[in-house]
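Below is one structure, written out as structure tokens; the observations come after it.
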Amino acid sequence: MEYAIPRAEDLCDMHIESHPVPTTLNPLGAKGAGEAGTVGALPVVVNAVMNALAPLGVRHLDMPATSERVWQAIQAAEATTRR
């Protein structure tokens with residue numbers, strides 16, 4: 001309670017400018033903006049897959065976690081534990 005949350009009056013004046021630079025890769029010149037929220041989803045899914053495979057001895061899996069890569073990782077882990 002001793003520390004107040006900063007308010008607008010506590011900040012200095014700001015001047016915000018925009019410098020739009022359209023892309024030449026599409027006719028609209030539009031660039032992506034909504035993808036930022038999906039960046040963390042891929043590592044979360046791979047971590048979930050790794051947690052599921054950990055009891056089988058899988059310690060590494062490259063993205064994308066295709067069914068073939070998961071199968072190969074399981075087979076490699078089994079081969080390592082048989083030695």
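Quick note: the coordinates plus some simple rules give every number you see, no bench work behind them. Source: prediction; values computed, not measured. Don't worry about glycine lacking a Cβ; one is built from the backbone with ideal geometry, like all the others, and counts go over all protein chains shown.
Peptides 20-28, 3-11 ranked from most to least packed, by the mean per-residue count of other Cβ atoms within 10 Å: 20-28, 3-11.
Let me check against my output: what whole-number percent is the relative contact order of the chain, with C-alpha pairs under 8 Å and at least 6 apart? The partial results should precede the final answer.
Values: 30 pairs, mean separation 13.8, N = 83.
Dividing the mean separation by the residue count of the chain yields 17 percent.
Determine Rg/Rh for the range 38-83; Rg is computed over alpha-carbon atoms and Rh is the Kirkwood hydrodynamic estimate from the same atoms.
Here the Rg-to-Rh quotient is 1.02.
Quotient of the Cα radius of gyration of the chain and 2.2 N^0.38 Å, N being its number of residues: 2.03. In nm, to one decimal, how far is the modelled label at H15 from the one at Q75, with both set 7 Å along Cα→Cβ? Rounded to a tenth, the inter-label distance reads 6.5 nm. This model, with +1 at the C-beta of Lys and Arg and -1 at the C-beta of Asp and Glu, gives the chain a dipole about its Cα centre of some 760 debye. Approximating the spin labels as points 7 Å out from Cα along Cα→Cβ, the H60-to-T23 distance works out to 3.3 nm. Inter-label distance, A4 to A48: 4.5 nm, where each label sits 7 Å from its Cα along the C-beta direction.
Can you show me the helix-derived [θ] at 222 nm for the chain, built from DSSP H runs with n ≥ 4 at -39,500 (n - 2.57) apiece and divided by the number of residues, rounded to the nearest 500. Kindly include the intermediate steps, with their values, before the conclusion.
Numbers: 2 runs with 29 residues, N = 83.
It comes out at -11500 deg cm²/dmol, rounded to the nearest 500.
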